Structures are given as C-alpha cells and as structure tokens.
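Since the structure comes first, as structure tokens, the remarks are kept for the end.
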Amino acid sequence: MDVVTPERWDLAIAEFREREKAEMRARDALAAARRRLPAVEVDPRLPFTAIGGGECTLADLFDGRPQLIVYHHMLRPSDDDPCEGCCLFTDNVGHLDHLEARGVTFALSSRAPVDEIEAFRARMGWQRIPWYSDPGSFAAATGVHGFQLDVLLRDGDRVLRTYSTTGRGVEALGSTWTFLDLVPYGRQETWEDTPAGRPQSEPYVWWRRHGEYTDA
C-alpha cells in the first residue's frame with residue numbers, strides 16, 4: 001500500500017469519489033428500472049403458519065401494508081446446522097419501523113415448523129422479525145430452491161410479485177458486506193481483485209452464525 005502526503009491523499013480521494021458518484025447514479029438508474037418491471041400474480045390464499053400456530057395466508061403477511069418483502073430463510077425441519085449465510089443476512093436486517101413507515105412489511109419464511117422457528121428465533125435474538133412456516137406452497141409458486149428474497153405488492157384483492165433476487169443480489173442488501181467493501185482488506189475472499197499479499201480465503205467458508213466465530 002502506498003503511503004503518501006496529505007495533499008496527494010486528498011487528490012486521490014477526490015478522484016475516487018467521482019467514480020463512486022458515477023456508480024451511485026448507475027444504481028439509481030437500476031432502481032428506477034426495477035420500479036418499472038412487470039409484475040406477475042401470486043395466489044393471495046397461499047397458506048402459512050404464524051408463530052404461535054395460527055393459520056394465515058400470503059395476503060395476511062402484508063399486515064395491512066401495501067408492500068411486502070419476504071426472505072426465504074433456509075431453516076429446515078429438525079435443522080441442527082442452520083444456514084450461516086441466511087443467519088448473517090438476517091442479522092443485517094435493521095429496525096423494521098423504518099420500512100413500515102413507508103408502507104413496507106418485512107417477514108421471513110422457512111420450511112421448518114413454527115415451534116422450531118420460534119426456538120431458533122429466540123436463540124438468535126430476532127423476536128422482532130415476523131417469521132412464518134411455509135408448507136411449500138409459496139416456495140413452489142415463487143421457484144425457491146434455497147435462499148431467496150421476493151418483493152410483493154398488494155393491489156386490492158390481488159397480490160403481485162414485482163421483484164426477486166438470490167445469490168449476491170441478496171448479499172448486496174446486508175450492511176456487513178457493504179462495510180467490508182469499504183476497508184483495505186475487503187471481504188478477504190479469493191474472487192476479489194485486491195492487492196497482492198492481502199489475506200484471502202475461499203468464499204463463504206468464514207461465515208458463521210453470530211456468537212460462533214470463536215469456534216472457527
């Protein structure tokens with residue numbers, strides 16, 4: 001790493017900020033295009049089970065708001081090794097008041113039964129996040145084959161699916177990854193373009209559920 005005078009550093013940062021601004025404008029344009037994507041109808045009667053055992057439907061998950069984000073957490077029935085990536089993503093979910101103020105409900109869904117969801121949610125400290133058991137109907141309707149994030153809109157009695165992403169599209173939504181992109185060593189994964197000599201490991205292998213990194 002080059003170590004330079006404050007004047008040269010100020011110049012380098014100013015030049016780099018212009019690149020950041022260009023990227024930000026490109027992201028703004030991408031978001032504008034996302035808002036104009038077509039939608040597809042999803043059956044609002046798809047069944048779920050809420051914490052506590054109450055039966056509900058996809059329409060109920062909106063909780064009276066017009067927009068819904070559902071993240072499919074890969075918690076399986078009798079899961080003794082819940083997905084570290086899904087847990088890392090969920091740790092990055094902020095206070096839901098901010099979303100709800102703009103008419104957005106956030107919820108998790110999993111194939112695990114509600115008693116196991118409730119126990120794991122308490123273990124991880126996520127009690128404020130709504131979490132539902134999906135018997136498989138929603139996963140089948142939206143093509144879930146692992147983890148996935150879906151965005152839905154309530155239009156009267158209709159439910160419309162407006163956006164979906166998985167892989168690094170989900171990863172980009174978490175502040176942990178965003179913060180790591182700011183620091184000199186980056187995410188320290190082998191796919192990154194980084195200066196020689198920086199620490200790196202294979203992707204994903206370092207991920208742990210919070211509180212378990214000391215066991216790595």
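Quick look at the values:
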read-out: Among I129, I13, I51, residue whose mean-square fluctuation peaks in a GNM of the chain (springs only between Cα atoms under 10 Å); value: I13
read-out: Region 8-84 and region 147-180: distance between their alpha carbon centers, rounded to Å; value: 2 Å
read-out: Residue-averaged [θ]222 nm for the chain, counting only DSSP H segments that reach four residues, each worth -39500 (n - 2.57); value: -9500 deg cm²/dmol
read-out: Contact order normalised by residue count of the chain, Cα under 8 Å, 6+ apart, percent; value: 22 percent
read-out: Dipole magnitude of the chain about its Cα centre (Cβ charges: Lys, Arg +1; Asp, Glu -1), debye to nearest 20; value: 640 debye
read-out: Pairs of alpha carbons in region 1-125 whose separation is greater than 22 Å (percent); value: 58 percent
read-out: Calculated Rg and Dmax of region 78-153 using C-alpha coordinates, Å; value: 12.8, 37
read-out: Dimensions (Å) - region 1-47, Cα atoms, principal axes, largest first; value: 64, 23, 12
read-out: Share antiparallel - DSSP beta bridges, the chain, percent rounded to 5; value: 70 percent
read-out: Net charge over other residues, Cβ less than 15 angstrom from the Cβ of A141 (K, R count +1; D, E count -1); value: 0
read-out: Percent of C-alpha pairs per 5 Å bin, the chain, short to long; value: 1, 6, 12, 16, 17, 15, 11, 9, 6, 4, 2, 1, 0
read-out: Placed amide H near V159: partners under 5 Å, 5+ positions off or other chain; value: V42
read-out: Using alpha-carbon coordinates, inclination of helix 6-35 to the longest axis of the chain, degrees; value: 30 degrees
read-out: Around S201: net Lys/Arg minus Asp/Glu count, Cβ-Cβ under 10 Å; value: -1
read-out: Total formal charge among the other residues, if their Cβ is under 10 angstrom from that of D79, Lys/Arg +1 and Asp/Glu -1; value: -1
read-out: Cα-based Rg and Dmax for region 143-193, where Dmax is the largest Cα-Cα distance (Å); value: 15.7, 50
read-out: Across the chain: Cys residues that no other cysteine approaches within a C-beta distance under 4.7 Å; value: C56, C87
read-out: Extension gain, A196 back to R25 (0.36 nm per residue minus Cα-Cα distance, nm); value: 58.5 nm
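Bear in mind these aren't lab numbers, they're just calculated from the coordinates by the rules spelled out. Keep in mind it's a predicted model, so treat the numbers as computed, not measured. Note that each Cβ is placed from the backbone with ideal geometry, even for glycine, and that neighbours are counted across all protein chains shown.
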